[in-house]
Amino acid sequence: MMDRNTHSRRKLVSGAMTLITAACAIAAIIVLVLILTYIAAKGLTTINYEFLTDTPKPVGEGGGIGNAIMGSALMTLLATAIGLPIGIGAGVYLAEFGENIFGNTVRFLADTLIGVPSIIVGIFIYTLIVLPMGRQSGLAGALSLAIIMIPIVARTTEEMIRLVPQSMREGALALGAPQWRVTWNIVMPAAASGIATGAMLSIARISGETAPLLFTALNSRFYNYFFDQPMASLTVQIYNYATGPFEIEHQMAWAATLILVGLILVINVLVRFLTKKKY
Amino acid sequence: MGDKISIKNLNFYYGKNQALYDISMKIPEREVMAFVGPSGCGKSTFLRVFNRMNDTIPYARVEGEVKIDGKNIYKTKTDVVALRRKVGMVFQKSNPFPKSIFENVAYGIRINKMHSGKKDLADRVEKALRDAALWDEVSDRLNTSAFGLSGGQQQRLCIARALAVQPEVILMDEPASALDPIATQKIEELVVELKKKYTIVIVTHNMQQAARISDKTAFFMLGKLIEVNPTEKMFTNPDDELTEDYITGRFG
Ligand SMILES: Nc1ncnc2c1ncn2[C@@H]1O[C@H](COP(=O)(O)OP(=O)(O)OP(=O)(O)O)[C@@H](O)[C@H]1O
Ligand SMILES: [Mg+2]
């Protein structure tokens, strides 16, 4: 009798716990789904070919976010071209040779930089680049994005490289491979999918940044392919539309948001794809 | 025959812990030297002294003299990369690279630029895999991941990888620990074959194996070299009582 009692009680508690955790999981998903469907519902109707390719026009005359998409793409590309090599290089250094005071200092500074609000990076670039140049520019925007990117990439790269077992390095060293070759063609490939994940996540992160671009790249009403000129970006364009007085502007803000979320989603799917190990 | 390696008053420390105590011995050229002794007695540590693999452990420290071909390898101007090229190693735990089976074996050949063209590279890889008694099992899937192999196959892959660069000395740390009797026998035959050209130092926990394949055997305990003698003498009439106790299985 006693046995059956404790047994059913245990079953009850176990069932209740499962229910509670499941409820938490559902709550978390529901919030995400709500946000996504809300954005989609608000934005979907505004999206058409003209909206995706046109430049902004005065209220009531249509217009679109073509130049903003282009600007975001260009600045993210330049930021990645600068930030990725530096970040990965720094991460490799930290993992393979960084067990000294210099390495610890770099690590500490990188962690601090990751925690700094991005607007401060914007102000920094504003003082360093925008003021001497006399105007905002795509270059200044890309540089501030690169600065946000570098410490994230460096630290994830370091973590990923540390996960490569020491025995694998020794195996290559034992064959007479010099240290740099061990790092380059054993350690790096072994950590590649992890490094790629970190890189993609940092790209997703900077493509959603607004604050540092407000000071540095400003905005532009035109398609602009020159990095010495102010450049439009999706995020700043969303900010402008969203803070405008007219309902039609708000609608365009929702549509642009949907595009941005879609792009970040694509990047995340790409991450999933990249992390599928080949070997 | 001359001595390939000679060790004099070697002490080894992991930080404050001493792992090897005042070891002196000689390893003759083109012979098989077996290291035996209870777990944790320092066999792997000693083996890793010969290709300076312990350099990768920042807190490790070596005292004394280790000469290979008459040159002290712990002199500051030693070219460690060239040393490791000459003194190959098969590790206690198999450690294939995250590459294909072919590329695992080809790696050492490539970095040392030993091949003349693609065909030669493929031939060398095949030869190494045949010598390691693995070819028949992998010849039809050379381009698949090395991690797809079984534990014993991975161990033989690591042997093939070490053979491919044709070192002068081969250090083997329990190369047959994960092998079935047939593969073990093949590896033993290989070792006997290899000693025509190479000097071999092999760590083993299998006394019969040591007796079958080695010319000399060294017995270690708690970081000390207790006895080193021709294998036959070691297994029939050892000098030290501890050796006899260990070999006959009275302890350890
Ligand atoms: N990296 C290390 N850091 C600190 N101590 C170590 C390290 N590697 C080994 N040791 C210690 O040194 C001693 C000798 O270890 P070693 O691995 O050489 O033994 P072994 O004879 O190879 O044992 P086994 O037969 O189990 O492989 C042990 O006490 C071990 O704990
Ligand atoms: Mg060992």
- Query: Somewhere in the stretch A:135-149, is a residue over 15 Å from the mean Cα position of the chain (by Cα), of a type in the set (S, T, N, Q) and buried (at least 21 other Cβ atoms within 10 Å of the Cβ)?
  - Reply: yes
- Item | Residue in the stretch A:178-222 that is nearest to B:R84 (Cα to Cα), counting only those that are assigned to a loop (DSSP other than H, G, I, E, B) and not hydrophobic (A, V, I, L, M, F, W, C) | A:P178
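Only one of these is within 16 Å of ligand 2 (Cβ to nearest atom), assigned to a helix (DSSP H, G or I), open to solvent by less than 10 Å² (accessible area, probe 1.4 Å) and away from chain A (no Cβ under 14 Å): B:F35, B:F12, B:F46. Name it. Don't jump to the end; show me each part of the working.
Details: B:F35 fails: assigned to a helix (DSSP H, G or I); B:F12 fails: assigned to a helix (DSSP H, G or I).
B:F46 is the lone residue from the list that is within 16 Å of ligand 2 (Cβ to nearest atom), assigned to a helix (DSSP H, G or I), open to solvent by less than 10 Å² (accessible area, probe 1.4 Å) and away from chain A (no Cβ under 14 Å).
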- Item | Complete set of residues in the stretch B:236-252 that are open to solvent by 60 Å² or more (accessible area, probe 1.4 Å) and of a type in the set (F, W, Y) | B:F251
- Task: Considering every residue within the stretch A:152-169, establish whether at least one is in contact with a Lys or Arg (Cβ under 7 Å, 6 or more places away or on another chain), assigned to a helix (DSSP H, G or I) and either within 14 Å of chain B (Cβ to nearest Cβ) or among the basic types (K, R) (or both).
- Result: yes
- Please give the number of the condition A:E99 fails out of (1) within 14 Å of chain B (Cβ to nearest Cβ); (2) in a loop (DSSP other than H, G, I, E, B); (3) touching a helix residue (DSSP H, G or I) at 6+ places or on another chain (Cβ under 7 Å); (4) at negative phi. (3)
- Of all the residues that make up the stretch B:67-81, how many are open to solvent by 50 Å² or more (accessible area, probe 1.4 Å) and of a type in the set (A, V, I, L, M, F, W, C)? 1
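Let's see how each residue does on (1) within 16 Å of ligand 2 (Cβ to nearest atom); (2) among the small types (G, A, S); (3) in contact with a Ser or Thr (Cβ under 8 Å, 6 or more places away or on another chain); (4) free of Cβ contacts under 8 Å to residues at least 40 places away in the same chain:
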residue	(1), (2), (3), (4)
B:G151	no, yes, yes, no
B:I182	no, no, no, yes
B:V203	yes, no, yes, no
B:D239	no, no, no, yes
- Just a yes or no: is a residue in the stretch A:268-279 open to solvent by less than 70 Å² (accessible area, probe 1.4 Å) and either within 25 Å of A:M133 (Cα to Cα) or in contact with a Phe, Trp or Tyr (Cβ under 6 Å, 6 or more places away or on another chain) (or both)? no
- Message: Restricting to the stretch A:236-246, name every residue that is of a type in the set (S, T, N, Q) and surrounded by fewer than 21 Cβ atoms within 10 Å (Cβ to Cβ).
- Response: A:N240, A:T243
- Message: Filter the stretch B:136-163 down to the residues that are open to solvent by less than 40 Å² (accessible area, probe 1.4 Å), away from every other protein chain (no Cβ under 14 Å) and at pLDDT 95 or above and list them by number.
- Response: B:V138
- Output the residues belonging to the stretch B:81-113 that are among the charged types (D, E, K, R) and within 7 Å of chain A (Cβ to nearest Cβ). B:R84, B:R85, B:K93, B:K99
- Could you check, for the stretch A:221-230, whether at least one of its residues is in contact with a strand residue (DSSP E or B) (Cβ under 7 Å, 6 or more places away or on another chain), more than 30 Å from B:F147 (Cα to Cα), assigned by TED's automatic domain parsing to the domain that holds A:L77 and not β-branched (V, I, T)? yes
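Specify which of the listed residues (B:G64, B:G40) is open to solvent by 10 Å² or more (accessible area, probe 1.4 Å) and more than 16 Å from ligand 2 (Cβ to nearest atom).
Step by step, each of B:G64, B:G40 is checked, and only B:G64 is open to solvent by 10 Å² or more (accessible area, probe 1.4 Å) and more than 16 Å from ligand 2 (Cβ to nearest atom).
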- Kindly establish whether B:I23 is open to solvent by less than 50 Å² (accessible area, probe 1.4 Å), away from chain A (no Cβ under 14 Å), within 16 Å of ligand 1 (Cβ to nearest atom) and in contact (Cβ under 8 Å) with a residue 12 or more places away in the chain. yes
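Per-residue answers, yes or no, for (1) more than 15 Å from the chain's Cα centre (by Cα); (2) surrounded by fewer than 21 Cβ atoms within 10 Å (Cβ to Cβ); (3) over 17 Å from A:M75 (Cα atoms):
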| site | (1), (2), (3) |
| --- | --- |
| A:A217 | yes, no, no |
| A:Y225 | yes, yes, no |
| A:I248 | yes, yes, yes |
| A:M252 | yes, no, yes |
- When B:V105 is run through (1) outside any helix (DSSP H, G or I); (2) buried (at least 19 other Cβ atoms within 10 Å of the Cβ), the failure sits at (1)
- Message: When you scan the stretch B:165-180, do you find a residue that is assigned to a helix (DSSP H, G or I), more than 16 Å from ligand 2 (Cβ to nearest atom) and buried (at least 16 other Cβ atoms within 10 Å of the Cβ), even just one?
- Response: no
- Query: Among (1) within 16 Å of ligand 1 (Cβ to nearest atom); (2) open to solvent by less than 50 Å² (accessible area, probe 1.4 Å); (3) within 27 Å of B:L163 (Cα to Cα), which single condition is B:K93 missing?
  - Reply: (2)
- Return the only residue of B:T217, B:T199 being of a type in the set (S, T, Y), surrounded by 19 or more Cβ atoms within 10 Å (Cβ to Cβ) and within 16 Å of ligand 1 (Cβ to nearest atom). B:T217
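The values are calculated or read from the model by the stated rules, or taken from the named source; none is laboratory data. Quick caveat: nothing in here was measured; it's all calculated off a predicted structure. We place every Cβ from the backbone using ideal geometry, glycine too, and count neighbours over all the protein chains shown. With ligands, DNA and RNA removed, areas are computed over all heavy atoms of the protein, side chains included. Shrake-Rupley method; radii C 1.70, N 1.55, O 1.52, S 1.80 Å.
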